[in-house]
Amino acid sequence: MRPVWASSWTRTPSPGTASTRRNEPSMTAEPRTFIPTSAAPTGARIAGAGVDGDPHDLPDPATGETLATVGWVDPATAEDAARAAHEALPGWGATPVRERAAALRAIAADLRADTTAFAAVISAESGKRLSEATAEVGFSAQYLDWFADAATMPRDEGVVTPQRRFAVTRRPVGVVAAVSPWNFPLSIPARKVAPALAAGCTVVQKASELTPLTSLAFTEICERHLPAGAVNVVVGDGEKLTTALVDCEQVAAVTFTGSTAVGASVAARAMRSMTRVTMELGGKGPFIVTDHADLDVALEALLVAKFRNNGASCIAANNVFVHQAVYDEFVAALRSRIESLVCGAPSDHAVDVGPMLRPAHVERLERLVAEAEATGCAVSRAPLTTTRGFFVAPTLVEASAELRLWHEEIFGPVCAVRPYTSEDDIVTEINEWRSGLGGYVMSADAEHAAQLAGRLEIGIVGVNNGAPNTPEVPFGGFGRAGLGREGGLSGLLEFTEEQTVSFAR
């Protein structure tokens, strides 16, 4: 049986979620493309207009050849984008909430109408398999629809005491700087932009310079339905542009997704001006196969949790614990499946795992696997038939706790597995990591699974499934895995300020 990662990640949108658009959707007879061929590459979109930047070549991960040329802009341009967002803030913040919700639904509808073009650019620049890229477009639209619904939910409250009457209201926090990584170039920006707009905020996106084409195209879609300056995007040196936005006096909040080390630096800098931060950072992704598990269910869930998006997910299964009683049987089945995975071009529908983003990612993973082999760990690998592009063969490592592979976030198609006998011991180990973003528990005993999940200091836990996230629920981590939440009503409230007004009775 071949794995189908996307099947548990996408779902059919609810009837009636699309609304009348402010502008006509993009529907043309010719196939659309978001891969530029212009000699003057766009490096930003500010207040509805493109801004050229210094040309930088963008490689195709599947071939190593140049995919496109993109512009990089300087920090001053990022500041211009923040000023444009600040100028748009009063008008957008005063827009009736139902009109804001209608705009979000219109953007979602346009994403769905342009699914083919968006999936093509996501797959081409990130190496994501085309079927998964298609699913990402649908998932992104679901975020927009969900936050359109959430925007209209009552949030204000009244409190009455014998002496006073209180009104508690929420207002937009202001301009939001949204800093996104490369691995989900549409759904992570959508998860940040949608709640900010729903709350009445305006946004400057700092797109990943590694996968910028999707963010530029997404911003153009947003511009059709929003006032000029409500959503802007800049592309360039990640550290320089992020620093400029964090330091910009017009920016009231920063939402960041990336590594724990960089996130800690960004948060510390933001605290100098008391700028609000939401941090979605790295995690270790423990995957626990108990002795009560249905091994077939556990195997399918692990293949999704580990190899979806070529293993490059912040909630990917990173450390697999298998109870000693079922270890040999489970690992034998896992080895057989991993060795049969097909690695190749993401546009090929017969492929299970696509390329890594850059050569440096390949080199790091190969070093980790080589270190494991040098210590005597059993290593099994799928065949790698191509010499072009940036590929790592899907790999199983029967690891030891001392390996660097076991202690680092892998972020690729390498699966590290260890046996365990004591549940208490692995719960202690996992919680001591303080990197609790995502995790997984496999058990046919529902009560046992719930109890074990409840002991883990982890933000989102999948029980007998490998894709636990959905727009309607909070997403974020414990400890060093982040601050605040994205998704769910919590994700909307991150971009609001509470005000209490006290009236004498």
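The values are calculated or read from the model by the stated rules, or taken from the named source; none is laboratory data. Given the structure is predicted, the values throughout are model-derived calculations rather than measurements. No Cβ is skipped: glycine too gets one built from the backbone with ideal geometry, and neighbour counts run over all protein chains shown.
So the values come out like this:
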| read-out | value |
| --- | --- |
| Counted residues, segment 89-122 - those being assigned to a helix (DSSP H, G or I) and touching a Lys or Arg at 6+ places or on another chain (Cβ under 7 Å) | 6 |
| Any hit, segment 188-200, residues being surrounded by fewer than 21 Cβ atoms within 10 Å (Cβ to Cβ) and in contact (Cβ under 8 Å) with a residue 12 or more places away in the chain | no |
| Every residue from segment 68-82 that is more than 17 Å from Thr242 (Cβ to Cβ), over 23 Å from the mean Cα position of the chain (by Cα) and in contact (Cβ under 8 Å) with a residue 60 or more places away in the chain | Ala68, Gly71 |
| Residue tally, condition closer than 20 Å to Pro59 by Cα and surrounded by 12 or more Cβ atoms within 10 Å (Cβ to Cβ), over segment 359-376 | 6 |
| Only one of Asp296, Asp291 that is in contact with a helix residue (DSSP H, G or I) (Cβ under 7 Å, 6 or more places away or on another chain) and of a type in the set (D, E, K, R) | Asp291 |
| First in segment 424-439 and more than 12 Å from Asn319 (Cα to Cα), second anywhere and in a helix (DSSP H, G or I) and hydroxyl-bearing (Ser, Thr, Tyr), Cβ under 7 Å, 6 or more apart | none |
| Qualifying strands (runs of 3 or more DSSP E) (wholly inside segment 125-207; at least 3 residues being farther than 30 Å from Leu67 by Cα and not assigned by TED's automatic domain parsing to the domain that holds Ala350) | 157-160, 164-172 |
| Pair list, Cβ under 9 Å, 6 or more apart: segment 166-185 residue at pLDDT 95 or above and aromatic (Phe, Trp, Tyr), other residue surrounded by 24 or more Cβ atoms within 10 Å (Cβ to Cβ) and in a strand (DSSP E or B) | Phe184/Thr257 |
| Residue count, segment 305-336 (criterion: β-branched (Val, Ile, Thr) and buried (at least 24 other Cβ atoms within 10 Å of the Cβ)) | 3 |
| Unmet requirement for Thr428, which otherwise passes all of (1) in a helix (DSSP H, G or I); (2) in contact with a helix residue (DSSP H, G or I) (Cβ under 8 Å, 6 or more places away or on another chain); (3) among the hydroxyl-bearing types (Ser, Thr, Tyr) | (2) |
| Residues of segment 55-88 that turn out to be of a type in the set (A, V, I, L, M, F, W, C) and not in a strand (DSSP E or B), as a count | 9 |
| For Leu492: the one exception among (1) over 30 Å from Glu65 (Cβ atoms); (2) of a type in the set (A, V, I, L, M, F, W, C); (3) outside the structural domain of Glu136 (by TED's automatic domain parsing) | (3) |
| Answer residue from segment 22-51, given it is aliphatic (A, V, I, L, M) and part of a loop (DSSP other than H, G, I, E, B) and is modelled with the lowest pLDDT among those | Met27 |
| Asp54 being modelled with pLDDT of 95 or more and surrounded by 15 or more Cβ atoms within 10 Å (Cβ to Cβ) | no |
